[in-house]
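What follows is calculated from the coordinates using simple rules that are stated; it is not laboratory data. Worth saying up front: this structure is predicted, and the values here are computed from it rather than measured. Quick reminder, even Gly has a Cβ in these numbers, built from the backbone with ideal geometry, and neighbours come from all protein chains shown.
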Number of protein chains: 2
Amino acid sequence: MVDFTYHNPTKIEFGKEKENLIGAEIAKENITKVLLCYGSERIKTDGLYEKVTSSLKAKGIAWVELSGIVSNPKLAKVNEGIALAKKEKVQAILAIGGGSVLDSAKTIAVGALHGNDVWDFFIGKASIEKALPVYAIMTLAATGSEMNGFAVVSNEETKQKYSIQSAHIYPKVSVLNPELTKSVPNDYLAYSAVDIIAHSIEGYFTAPDQPHFQSRMVEGIVKTVMETTEILLKNPEDYNARAEFTWAATQALNGSTTAGTNLSGFPSHMIEHSLSALFNIAHGAGLAIVIPAWMQWYKNKNHAQFERFSKEIFGLDSVDEGILALKNWFAKIGAPVSLEKVSIGKNEISAIAENAAHTAVVWGMSDTYTQRAIEDILHNA
Amino acid sequence: MVDFTYHNPTKIEFGKEKENLIGAEIAKENITKVLLCYGSERIKTDGLYEKVTSSLKAKGIAWVELSGIVSNPKLAKVNEGIALAKKEKVQAILAIGGGSVLDSAKTIAVGALHGNDVWDFFIGKASIEKALPVYAIMTLAATGSEMNGFAVVSNEETKQKYSIQSAHIYPKVSVLNPELTKSVPNDYLAYSAVDIIAHSIEGYFTAPDQPHFQSRMVEGIVKTVMETTEILLKNPEDYNARAEFTWAATQALNGSTTAGTNLSGFPSHMIEHSLSALFNIAHGAGLAIVIPAWMQWYKNKNHAQFERFSKEIFGLDSVDEGILALKNWFAKIGAPVSLEKVSIGKNEISAIAENAAHTAVVWGMSDTYTQRAIEDILHNA
């Protein structure tokens, strides 16, 4: 077990109707004006917008709005938000949506307090000194962004999907009302399940020093996600399954599974980000393609842990059978498991690998993940 | 899964030599004078006192000292600390030791900022509005006090061992250097193991609504503690086992295993506190006696979960065999598993039960835990 610092200051308000608390939570910090970020206008018809803005009004909190944030959130939209936040002198950012809205909000929170081009923070040209406080009301359980200091944004000009990490961008308060995720369609529920599993297992397989306790936590998350996904695909109304799924998503990337491990990167995420950047496919769909391919490529580098995974999750003795079982499960829930399924041809592989190899340099993983290695992985897909 | 608020603001500095950071951490808050609390003078011969005070000096932080805090910490000593903290106008409390020192420090932190008799907070006569910041350097892994808002203190006059709970007494920073726990003798290591297991399973068995994910976390903690205790009893130098044991102790009572459960109390702790209050036996030793007795008494109230426990932890199909296996494991590691083992006779049972029945009223558990019910449990021991 390696030395670590664990500090996760985000307050989670979990449960039914908790979105009504947001005004009171923001008012505790004497904030009187926020930038309200969201994606589609659906929140205006399903009642959520009304609930949230009523909660703000009740505490005398004014707001300006940035809407139309899409998945694989775009730098141009973030820059629009930064300009608006500066012009309107907001004191906090409030996100309503999934990981893309929240990641945009976090990036705006950073950009609003710095003079730099915000992309500088993504490419390592500047470091984050501060940020406006961020509040979140989640309508999707997947990315874990609600309880961590990460944000991922796509630069559509340079075709780069990169991330920032800072203690300053942990949300102050995140509202997780599992009922708000009910409108997520089955394909996106499946992609979310894949994303949560990915967050859990990337460190599990790659950390050279992986304590048993952390492995057990990961296995608990994976089992819970598989179990609850199957329930929810059949019965979206099952509140308990939805709540367990939601909380597992948060636990998968709030630092608790990786504390004490010498995590050596998120290779499947790294490669997937290039798929998303170049072909704009859903992150979880891309992961379902990359993960089994990466597992095949990586399995002999940590054979004992792959054996453990096969045994614990699927009750199987063989590593190859375990990898196949996970791939089959991804397919069963409706996620694509090959490049062919998303109409990406073999001729595209070198371009994806070239893009990912650049990310590998930024993420400090280029020793192992050369363009050639990434091509080998993608050929498995 | 029930609604919950999760907010754990404690920063953990985990690993070798991390105690050297304490001065810098305290200085971040512009604190210039602390009350340094500890137990025995051993820290002055083993080098820890020197390291910590050097770290304080390096940042220009002055200190006054309160030493001689014992296990099952005493109200009189806490009141001495409160008077000292007020007189010396310290701005924070720094604890070096195990749960007893830290719990005393937390209580002093409360008392220093209130005019009330501090016992009022334990018996529900006053509520905690604020507290001085608390810092901790742990030399024992057991109580979980390093990452929660609880403190337990014994009133030696009234023979009551009661607790407080407040968001204000989460430690600001806790240093967990597993190497500092190496001097703990084997019997106290065993008691610590029992305490950690108790923290995990009290909610696991008693919450009417226990999510699978939380059950899996608890099982992961219990397995980890059992595995690492056995390693450490044979080889106290095994750093990895010590580190996993230490982190499992923290996880067992930092709120993560009980978030989303409708935890209905800590009955074994409640009864054990009376054993400690009346006979001053080690908390973990008392728990080893109470837990199997309580399990026998309670098993049919949540039979499915007891079946799950037997299966998951011991691979056994029978509930009775599972309870016996846990009791045997407690005995194997050197913890007492009957009242007889600690020379408490049957004639004492009604006095213990009477004391515990008073705690049951304070803890809101008196509907189930009448004096008669507690006597029945203790007769199993």
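Plainly put, the tip 7 Å out from Cα toward Cβ on A:Pro208 is 5.2 nm from that tip on each other copy, the closest given first. When shorter helices are ignored and each DSSP H run of at least 4 residues is given -39500 (n - 2.57), the per-residue value for chain B at 222 nm works out to -15500 deg cm²/dmol. Across the copies of the chain, B:Glu340 has label points (7 Å from Cα along Cα→Cβ) spaced 7.2 nm apart, shortest distance listed first. With R₀ fixed at 25 Å, the C-beta to C-beta distance from B:Thr5 to A:Lys44 puts the FRET efficiency at about 0.35.
Cross-link check: pairs A:Lys299/B:Lys18; B:Lys125/B:Lys161; A:Lys223/A:Lys346; A:Lys74/A:Lys106 evaluated at a Cα-Cα cut-off of 24 Å; pairs beyond the cut-off: A:Lys299/B:Lys18; A:Lys223/A:Lys346. Centroid-to-centroid, using Cα positions, segment A:47-79 and segment B:282-306 are 50 Å apart. One chain, two ends: A:Asn328 and A:Glu17. Fully extended at 0.36 nm per residue, the span grows by 108.3 nm beyond their Cα-Cα distance.
Hey, with R₀ at 45 Å, roughly what FRET efficiency would A:Asp117 and A:Asp367 work out to, going by the Cβ-Cβ distance, to 0.05? Each step should come with its number before you reach the end.
Details: r = 29 Å, r/R0 = 0.65.
After rounding to 0.05, the efficiency reads 0.95.
Overall shape: oblate for segment B:43-110, with the ratio a/c of the largest to smallest alpha carbon gyration tensor axis at 1.5 or above and b/c at least equal to a/b.
Between A:Ala126 and A:Lys159, the simple label model (points 7 Å from Cα in the Cβ direction) yields a spacing of 2.7 nm. The orientation-averaged projected area of the convex hull spanned by the Cα atoms of chain B comes to 17.3 nm². Run the simple label-point estimate for B:Lys89 and A:Ser318 please: 7 Å along Cα→C-beta, distance reported in nm. Here the modelled spin labels are 7.6 nm apart. Phi angles across segment B:18-29 convert, under the Karplus curve 6.51 cos²θ - 1.76 cosθ + 1.60 with θ = phi - 60°, into 3J(HN,Hα) values of 5, 4, 5, 7, 4, x, 5, 5, 5, 5, 4, 9 Hz, Gly and Pro given as x. Computed from Cα atoms, the angle from the helix A:349-362 axis to the main principal axis of chain A rounds to 60 degrees. Qualifying trypsin sites (Lys or Arg not before Pro) in segment A:119-209, where qualification requires a DSSP coil assignment and no more than 12 other C-beta atoms within 10 Å, comprise A:Lys125, A:Lys130. A compact globular protein would have a Cα radius of gyration near 2.2 N^0.38 Å; the ratio found for the protein assembly as shown is 0.97. Extension gain, B:Glu65 to B:Ser343: 0.36 nm times the residue separation minus the Cα-Cα distance gives 96.4 nm. The mean sequence separation of alpha-carbon pairs under 8 Å and at least six residues apart, normalised by the residue count of segment B:185-379, gives a relative contact order of 25 percent.
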